[in-house]
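See structure below.
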Amino acid sequence: MKIIQAKDYAGMSRKAANIVSAQIILFPNSVIGLATGSTPLGVYHQLVEWYRKDDLDFSKIRTVNLDEYSGLSPEHEQSYRYYMNQNLFRDVNIPMESTHLPNGMAQDYEAECKRYDQLITDLGGIDLQLLGIGHNGHIGFNEPDQAFDKTTHRVILNQRTIEANTRFFRNKEEVPKYALTMGIKAIMQARKILLVVSGADKAEILRRAMMGPITPSVPASIIQLHPDVTIVADEAALGRISLS
Ligand code: F6R
């Protein structure tokens, strides 16, 4: 596990974007796993800036996102498809058909989960998976206390996640109660993992994920077992970990 410390959120975003850029430059047809949420926004904005300077070419890149809310259409402003379009896809030269998210509108969600797993297999697996971490240790929407061996599945979002996401909706009632998420198994099969973490409010869960026991009660702790993990975190997020 490599830990890269950045001074603050902007520094974390640039350092993580450098790692994603290196992947794109060295392996232009990479499959990149993407995350949403507030933490990777700076990474995406940096990538767009470098694309505009002609430093990056996304034309052969394929992307698979970790998750999508159930019941939100791609046009819904809080859907993850909308977020990805707004914050990355529409601003770079990636063909839209090379960008993939679970279909939150699928009625038959079990078939949709199977389709998504098959899609990842057909793409040849994920070369670099970008992750954020929830305050309860979730990665993707893999909430605490679920089996580690799951593939893409539908989850009932727990109260803490619903509360954390309420800031993006008009009220708590509007926050979807279900989501489709890539499972821990697919995340662990990615060839490289890049976890981005910012802020003192994530310091304790980052410590538990990195140094605590590997346990389903902290889903992110499983990445301790992955052979190629890089964590880029700012000083505040690393506040409970001694790096010496
Ligand atoms: C979203 C996702 C989530 C977030 C996590 C942290 O695709 O995978 O696991 O990474 O909820 O969200 P932020 O960055 O908003 O704190």
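Summary table below
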read-out	value
Simple label model, 7 Å out from Cα along Cβ direction - Ser217 to Gln118, nm	3.9 nm
Under-5 Å amide H pairs with Ser30, H placed in peptide plane, nonlocal only	Arg62
The chain, helix-only ellipticity at 222 nm - DSSP H runs n ≥ 4, -39,500 (n - 2.57), divided by all residues, nearest 500	-9000 deg cm²/dmol
Pairwise label distance in nanometres, His76 with Ala147, each label 7 Å out on the Cα-Cβ vector	2.8 nm
Rounded accessible area of Leu41 (nearest 10 Å², 1.4 Å probe)	50 Å²
At least 15 Å along the helix axis (C-alpha) and Kyte average at least -1.0, DSSP helices within the chain	9-26, 41-52
Karplus (6.51, -1.76, 1.60) ³J(HN,Hα), θ = phi - 60°, over the stretch 27-32, in Hz, Gly and Pro reported as x	10, x, 10, 4, 9, 10
Net charge of Cβ neighbours under 15 Å - reference Arg191; Lys, Arg +1; Asp, Glu -1	+2
Whichever aspartates and glutamates have a C-alpha closer than 12 Å to that of Lys15, once near sequence neighbours (fewer than 8 apart) are set aside	Asp234
Spin-label pair Phe169/Phe27, simplified geometry with 7 Å Cα→Cβ offset, distance in nm	3.6 nm
Per-peptide average of other Cβ atoms within 10 Å, ordering 211-217, 31-37 highest first	31-37, 211-217
DSSP beta bridge pairing in the chain, given as percent antiparallel to the nearest 5	25 percent
Integer Hz, Karplus 6.51/-1.76/1.60 couplings in order for the stretch 149-161, x for Gly and Pro	9, 7, 9, 4, 8, 8, 10, 8, 5, 7, 3, 5, 5
Cleavage-rule hits, GluC sites (Glu not before Pro), the stretch 1-105, DSSP coil, Cβ neighbours within 10 Å at most 11	Glu75, Glu77
Heavy-atom accessible area ranking, 1.4 Å probe, most first, across Glu163, Glu112	Glu163, Glu112
Listed pairs Lys114/Lys172; Lys114/Lys185; Lys60/Lys150 exceeding 19 Å between Cα atoms	Lys114/Lys172; Lys60/Lys150
Relative pair counts by distance (%), Cα atoms of the stretch 38-170, 10 Å bins	10, 40, 38, 12, 1
Val218 long-range amide H proximity, modeled H, under 5 Å	Asp145
Rounded to the nearest 20 debye, dipole of the chain from Cβ charges on Lys, Arg, Asp, Glu	480 debye
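The values are calculated or read from the model by the stated rules, or taken from the named source; none is laboratory data. These figures come from a predicted structure and were not determined experimentally. Virtual Cβ from ideal backbone geometry, glycine too; neighbours counted across all protein chains shown. In case anyone asks, the SASA skips ligands and DNA or RNA and just uses the protein heavy atoms, side chains included. Shrake-Rupley method; radii C 1.70, N 1.55, O 1.52, S 1.80 Å.
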